[in-house]
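Read the structure below first, then the notes.
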Amino acid sequence: MHCVNETIRRAILQAVGKKWQKSAKCSALRTEIAEEYPHINLAQVYAALTYYHANRDEVDRELEAEAADFLRLAKEFGQPKE
């Protein structure tokens, strides 16, 4: 069960972190994130943002590594055909 909870926590953190990085970082964004991801409640958004701000360098590195992996794989295997 711990693995599932960790996976869910990381998914929430990545979704919130990515959205926060791309935004104007205003307080209204917290509600927008909760509305955009209906499976994440407002308390989880606040928790993820708290963790993000406390560990910003680590989370940013993880998000950058994930984006680099995505681009590498997209280049290696091409874009999926619709």
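As a proxy for reagent exposure, 72, 30 were ordered by neighbouring Cβ count within 10 angstrom, fewest first; the result is 72, 30. You can think of it this way: the chain between residue 53 and residue 69 has 3.4 nm of extra reach, that is 0.36 nm per residue less the Cα-Cα gap. Segment residue 76..residue 43, full-extension length gain: 8.0 nm, with 0.36 nm per residue of separation and the alpha-carbon distance subtracted. The packing ranking of peptides 58-68, 9-19, highest mean first, is 9-19, 58-68, where packing means the average number of other beta carbon atoms within 10 angstrom of each residue.
FYI, it's all coordinate maths here, none of it is from the lab. Remember, it's a predicted structure, so these values are computed and weren't measured experimentally. Don't worry about glycine lacking a Cβ; one is built from the backbone with ideal geometry, like all the others, and counts go over all protein chains shown.
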